[in-house]
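Scroll down for the structure; my scribbles are underneath it.
The numbers here are math on the coordinates, done by the rules we state, and not lab data. Quantities reported herein were computed from a predicted structural model and do not represent experimental measurements. All Cβ positions, even for glycine, are placed from backbone atoms using ideal geometry, and neighbour counts span all protein chains on display.
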Amino acid sequence: MDQSSKQESKMAHVNLMTDTIVANLSEHGLRSVLRAMLATDPSITKTLEQRTKIYLAKYWKDPTGPLFTSHGDGVTSVFREWQAKLRVMLGCGRAFESLATLTSIVKQTSLSSISVTKSDTQEEILSSEDGDIIQALTAVQKTLLTPSGSRMLDEQEEAIVSELYHRPLPEMVETFLLDNEHISRLFSGLWQLSSPSWGTASMSQIEPQFSRYASLGFTAYDMADHYGDAELVFGRFRSSCSDPKSLFGATKYCIFTPTTISKEVVAANVTERCQRMSADYIDLLQFHWQDYSDPQYLSALQHLQDDPRVRSLGLCNFDTEHMCKILSAGIQIATNQVQFSLIDSRPLISMAEVCQKHDIKLLTYGPLLGGFLSAKWLRQPEPRLFADAMTPSQRKYYDMILTWGSWELFQELLEILEKIAEKHGSSVSNVATSDNADENLKVYAVRLNEEDKQGIESVLRRSRRDEMVKILGDCGGEYR
C-alpha cells in the first residue's frame, strides 16, 4: 500500500465524538469554529488546502444545467454551485485550474439575455462575476511571484492560459486586398439566420462555431439588414473577442420599396447598422436598390460615400449598366456582390471587365448552389420543390439548375466533379462533409489543370449557360 493510500485509510478512522460535533454543528457554527482554529493555529492552513484539493478532484463534480433563468432576470442554483466551486478553487491554490471554470461562467453570462438596466439583481450578478475575475487574476499573479521577481509559466500553465485566446490565423488562408486591408477570400454567410426554415440554434451553439471558424482564419462575415438577427449575433460575437478588429463585418442596406431618399434617412440606416453590429463603423456596407427607374439610388450612394462611418462602400445585385452609371457619377465602389457559380457565369459577360478596369472586387454568392453542388446530391432523384426538407436557398437554386439545363445534366456535372475531386484528394464541394471549417481550408490547395477544365466544359457547353443573360437578365436581374 503506497503512502497516499495509507493516509486515506488513516483519515477514515475519525474520533467518533469529534465527528458528532461535525455532524451536528450548524453550518454557521462549523464555519465559525474552523475560522477560529485557523486563526489560532495557522499551521493547519496547508492541511485544509490540501484536503480541499483532494475533495475537489475526487468528489465535487461539475454542476450541469442553465446558469440563468429563462427570462434572464436571475440565476439558478447551478450558477451558485459553479460560483462556489470557482471560489473554493481560488481559495485552495488552484488558481490556474480555476480559469476554465471562470471562462465557462463568463461565456454563459455573455450569451444570456440579462441586462444591467433591468434590475439590481442582474447588476449584482455581473458585479459578483467581476469580483471573481479580479480575484482569479490576483491569485494567478501570486503563484508566479518568486523572491527575485516573477517566474515563467510552466508547460501546463501555458496550455491553460492559451485557451483564453483565439488561435493565430493560419497562413494557408488566402486573402484579397480591399481598400488596403487584407480580407479572407472565403466569407461566412449568415443568410440562414434570416428564417427558421433552415433550423434554429441558440447563441451557446452559434458562438463556438463562430469562434472555430475565426480561429482557422475565416474572419470575414456577410450579413444584411433583413437577415433576422444576424447583425446582432455577429456584433455580440465580435465584441466578445480578444481582438475584435481581426473580424471583418460586411452588411447590406437594402431598399426594396419606394423610398424618399435624404441625408437623414441614409444616416439613420447607417446608425442602425452600427448599433446592431455593436460598432462605431461598418467595414463594408453593400447597397441594394430594387427599382432602377427611380434614380434616387445615386443620391443614396452619394450620402453613403460621404458618411465617415462607412469604411468601404459596395453594391449588391447591381447590373453592369447601372454600376457604370454609378461610377460615372463619381461614386467610388469597392465591391459588387452577385450570384456566380458553374451554372451561372453571367458576371463573365460584361461585369468582370468593368470590375477589373475600376478595381472593383466581385463578391460572389451561391457558388455551391445552396448545397446542391455536393456529393450529397450525386445520383439522387430530382428533389420535390416544396418538400419539408428543402430549404429556401435550395428552392432558389433548384430553379436556377432548371433554368441552366436539367436535373439529368446536373447529375453529369456532379459526376465529373467527383472524378476531379478524387484525383485531387478533395470533395465535390466543401458542404459535402460534416466538418465544413476544416474542409474549407482544402479549397486553397486545389488547382485545376487543363484536363479538369475540359471535363467540366464538356458538360457546361451542353447547357443553356450562354442564354442565361437573355433568360434572367444581367447580374441581379433575377430579382427584378
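Some points to look at:
- Take the Cβ atoms of S246 and H28, set R0 to 56 Å, and the FRET efficiency comes out at 0.65.
- Calculated FRET efficiency for the pair S202/T391, C-beta based, R₀ 25 Å, to 0.05: 0.80
- Gain on full stretching of the segment that runs from S104 to S127 - 0.36 nm per residue minus C-alpha separation: 6.6 nm
- On Cα atoms only, tilt of 263-276 relative to the major axis of the chain in degrees: 40 degrees
- Cβ-defined net charge surrounding G473, 13 Å radius [Lys, Arg +1; Asp, Glu -1]: -3
- Within the chain, percent of DSSP bridges classed antiparallel, to nearest 5: 25 percent
- When the Cα convex hull of region 41-162 is projected onto planes of every orientation, the mean area is 9.6 nm².
- Computed from Cα atoms, the angle from the helix 450-460 axis to the main principal axis of the chain rounds to 70 degrees.
- Nearest-ten-degree value, helix 27-40 long axis tilted from longest Cα axis of the chain: 70 degrees
- Histogrammed with a bin width of 10 Å, the alpha carbon distances of the chain distribute as 3, 14, 22, 21, 15, 11, 7, 4, 2, 0 percent, first bin at zero.
- In this structure, D399 and K61 have a Cβ-Cβ separation that, at R0 = 41 Å, corresponds to a calculated FRET efficiency of about 0.15.
- The convex hull around the C-alpha trace of region 225-365, projected and averaged over every direction, spans 9.1 square nanometres.
- By the count of neighbouring beta-carbon atoms within 10 Å, fewest first, F68, F256 end up ordered F256, F68.
- Counting every other Cβ atom within 10 Å of each residue's Cβ, T335, T52, T271 order from fewest to most as T271, T52, T335.
- Taking 7 Å steps out from each Cα toward its Cβ at K453 and S43 produces label points 8.5 nm apart.
- Of the peptides 236-244, 358-366, 313-321, the order by per-residue mean of other Cβ atoms within 10 Å, starting with the highest, comes out as 313-321, 358-366, 236-244.
- In nm, spacing of pseudo-spin labels at Q156 and T138 (7 Å Cα→C-beta vector): 2.5 nm
- Across the cross-link table entries K263/K357; K423/K453; K85/K107; K357/K453, which are compared at the Cα atoms, the separations over 24 Å belong to K263/K357; K357/K453.
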